Amino acid sequence: MVYSELNDREKNLFSIMREIGFGRIENLKVRNGQIESTAASRKISTMTFDREDALHTSSRQDGNFILSEKHLRFLKKLRLIGNGTIQSILIQAGLPVRAEIEETVTSI
């Protein structure tokens, strides 16, 4: 799958991740497997000054790129959630590496 095949919300989310580079995104809603920002949504950057950070970058001039395995696993989980809240997405080199996801328990 390539970046151009994503819907606008997914493209925006991955663009924000690349912009952050290292840090996290907090408090996103998931409705019907699609991400939504809220008034409580935040992007938090982690900065280091002892070296340059190597970010995941596009290898094509048009900005389109093949999604990494981390991108694909993240998208698959999002689509399976249905409805819930992503408390936090940890981002390293512009890629999602860990997420805390809150879902409703419908039955036990």
> Which of the residues belonging to region 46-60 are over 21 Å from GLU10 (Cβ atoms) and either modelled with pLDDT of 95 or more or of a type in the set (A, V, I, L, M) (or both)?
Replying inline: MET47, ALA54
> For region 61-97, what are the residues that are modelled with pLDDT of 95 or more and small (Gly, Ala, Ser)?
Replying inline: SER88
> When residues of region 1-17 are filtered for being buried (at least 16 other Cβ atoms within 10 Å of the Cβ) and either without any contact (Cβ under 8 Å) to a residue 40 or more places away in the chain or not aromatic (Phe, Trp, Tyr) (or both), how many remain?
Replying inline: 5
> Just to be sure, is ILE20 free of Cβ contacts under 8 Å to residues at least 40 places away in the same chain, in contact with a strand residue (DSSP E or B) (Cβ under 6 Å, 6 or more places away or on another chain) and under 15 Å from PRO96 (Cβ atoms)?
Replying inline: no
>> Out of the residues in region 70-108 meeting the condition of being without any contact (Cβ under 8 Å) to a residue 40 or more places away in the chain and more than 13 Å from the chain's Cα centre (by Cα), tell me which one is surrounded by the most Cβ atoms within 10 Å (Cβ to Cβ).
In response: GLU103
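The values are calculated or read from the model by the stated rules, or taken from the named source; none is laboratory data. Model, not experiment: these values are computed from the prediction. Heads up, the Cβs are rebuilt from the backbone with ideal geometry, glycines too, and the neighbour counts pull from every protein chain shown.
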